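What follows is a short report on a single structure.
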Amino acid sequence: MDQNRIKRNQMLGAKIVKELTARNMEAYYTDSKEEALKKALELIPEGSSISWGGSMSVNEIGLKEAVCQGNYQVYNRDTAPSARSSLRHMIVITS
């Protein structure tokens, strides 16, 4: 990727992080899918219950595969408990 596009992405990422932080959300920007995977796994404690919708980003960075192979309770739409009764934290990954 050329340096202009990298700089543009970093500037946009910083702006989005700032805007989400102003709304009392934690937000992070990473330059690569490898960094995004590492950050996501840092944020999800082992033993956590995990489910996801149709996120392409979760697949693209390898998070789905990593949690399925790790020490996590993974649910699909048929086995997930009610979000209302069990949701404590939500991590949103987007590209």
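The table for this structure:
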item: Inter-residue pairs, beta-carbon under 7 Å, first closer than 20 Å to residue 62 by Cβ and in segment 12-36, second of a type in the set (D, E, K, R) and exposed (fewer than 15 other Cβ atoms within 10 Å of the Cβ), 6+ apart; result: 33/60
item: Total residues in segment 30-79, condition assigned to a strand (DSSP E or B) and in contact with a Phe, Trp or Tyr (Cβ under 7 Å, 6 or more places away or on another chain); result: 2
item: Residues within segment 18-37 that are open to solvent by 70 Å² or more (accessible area, probe 1.4 Å) and of a type in the set (A, V, I, L, M), tallied; result: 2
item: Any chance residue 44 is of a type in the set (A, V, I, L, M, F, W, C) and touching a strand residue (DSSP E or B) at 6+ places or on another chain (Cβ under 9 Å); result: yes
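The values are calculated or read from the model by the stated rules, or taken from the named source; none is laboratory data. Given the structure is predicted, the values throughout are model-derived calculations rather than measurements. Quick reminder, even Gly has a Cβ in these numbers, built from the backbone with ideal geometry, and neighbours come from all protein chains shown. Ligands, DNA and RNA are excluded from the accessible area calculation, which covers all protein heavy atoms including side chains. Shrake-Rupley method; radii C 1.70, N 1.55, O 1.52, S 1.80 Å.
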